[in-house]
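Shown next, in structure tokens, is the structure this report addresses.
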Amino acid sequence: MATPDFIRTIRASAGQQLLWLPGISAVVFDDEGRVLLGQRADNHKWTVITGIPDPGEQPAACAVREVYEETGVRCVPERVVLVRSTREVTYPNGDQCQFMDITLRCRAVGGEARVNDDESVQVGWYEVDALPQMDEGQLFRIKQALADEPTWFEPMSSD
């Protein structure tokens, strides 16, 4: 996956230690109710479209940029559907990250779904009842984007 320049700068002094980073996930639906997915080039897993905002970039602007960069689809963010921290991830090179994910429901408004950069090997529209094999976290993002509910967040513990 393409590592943003500002992350490379941080890594130059932080090494491979755990970085706490913002992350944006875009659950994009078309007019037929299908969801836009990409199969990642690094691990071949199917996911909604994700990315890291540039310093100072707003979450909605990041979602629009990442969706277009990765898939060629133009979208409009509609609402925040989920906010939560992810599990720690250790990449093959040893770098460690954990993300505070903000998931946005988005509506496609133009473009044609295609592999538009080197981060995906496949991109396409999928019926929500005929999704490819996906991690539970990805499925949960889609479920929350389909629900007409307030933004989901992990409930506070009662201790």
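Given springs between every Cα pair under 10 Å in a Gaussian network model of the chain, which of E32, E119, E127 has the largest fluctuation?
Looking only at E32, E119, E127, the largest GNM fluctuation is found for E32.
Out of the GluC sites (Glu not before Pro) in region 42-118, which ones are loop residues according to DSSP with at most 16 other C-beta atoms within 10 Å? Intermediate values should be presented prior to the final figure.
Details: sites: E57, E66, E69, E70, E78, E88, E112; in loops: E57, E88, E112.
Here the GluC sites (Glu not before Pro) that fit, given the DSSP loop and packing criteria, are E57, E88, E112.
Hand me the trypsin sites (Lys or Arg not before Pro) from region 1-70 located in a DSSP loop with no more than 15 other Cβ atoms within 10 Å, in residue order please. Walk me through the numbers on the way to the answer.
Values: sites: R8, R11, R34, R40, K45, R65; in loops: R34, K45.
Within region 1-70, the qualifying trypsin sites (Lys or Arg not before Pro) (loop, at most 15 other Cβ atoms within 10 Å) are K45.
Would you give the gap between the C-alpha center of region 53-99 and the C-alpha center of region 2-39, rounded to a whole Å?
4 Å
Keeping every protein chain present and rolling a 1.4 Å probe, give me the accessible area per residue for the chain in Å². Can you show the working numbers first?
Working: 8930 Å² over 159 residues.
Using a 1.4 Å probe on heavy atoms only, each residue of the chain averages 56 Å².
Return the sequence-ordered ³J(HN,Hα) values of region 101-110 in whole Hz as given by the Karplus equation 6.51 cos²θ - 1.76 cosθ + 1.60 applied to θ = phi - 60°, using x for Gly and Pro.
Calculated HN-Hα couplings, in order: 8, 10, 9, 10, 7, 10, 10, 5, 10, x Hz.
Report in % the part of the accessible area of the chain that belongs to carbon and sulfur, leaving out ligands and nucleic acids; probe 1.4 Å.
On the way: 4510 of 8930 Å².
Carbon and sulfur: 51 percent of the exposed surface of the chain.
Report the charge-dipole magnitude of the chain in Debye, nearest 20, computed about the Cα centre from +1 at each Lys and Arg Cβ and -1 at each Asp and Glu Cβ.
140 debye
Within region 73-135, report the trypsin sites (Lys or Arg not before Pro) that DSSP leaves as loop and that have at most 11 other Cβ atoms within 10 Å.
Counting only loop positions with at most 11 other Cβ atoms within 10 Å, the trypsin sites (Lys or Arg not before Pro) in region 73-135 are R87.
Please tell me the relative contact order of the chain in percent, rounded to the nearest whole number, where contacts are Cα pairs under 8 Å and at least six residues apart. Provide the component values of the computation, followed by the final result.
Numbers: 321 pairs, mean separation 47.9, N = 159.
Computed over the chain, the figure is 30 percent.
Once amide H atoms are built 1.01 Å from N in the peptide plane, which residues 5 or more positions from L19, or in another chain, come under 5 Å H to H?
Under 5 Å from the amide H of L19 lie the amide H atoms of Q96, C97, Q98, each far enough along the sequence or on another chain.
Quickly estimate the mean residue ellipticity at 222 nm for the chain, helices only: each DSSP H run with n ≥ 4 gives -39500 (n - 2.57), and the total goes over all residues, rounded to 500. Don't jump to the answer; show the numbers that get you there.
On the way: 3 runs with 34 residues, N = 159.
The helix-only estimate for the chain comes to -6500 deg cm²/dmol at 222 nm.
Nearest-5 percent of antiparallel DSSP beta bridges in the chain?
Working: 25 of 39 bridges.
The antiparallel fraction comes to roughly 65 percent.
Just name one of I102, Q122, V89: the one whose Cα is farthest towards the positive end of the charge dipole of the chain (beta-carbon charges, Lys/Arg +1, Asp/Glu -1).
It is V89, whose Cα lies furthest towards the positive end.
The values are calculated or read from the model by the stated rules, or taken from the named source; none is laboratory data. Being a predicted model, the structure only gives us computed values, none of them experimental. Note that each Cβ is placed from the backbone with ideal geometry, even for glycine, and that neighbours are counted across all protein chains shown. All accessible areas refer to the heavy atoms of the entire protein, side chains included, with ligands and DNA or RNA removed. Shrake-Rupley method; radii C 1.70, N 1.55, O 1.52, S 1.80 Å.
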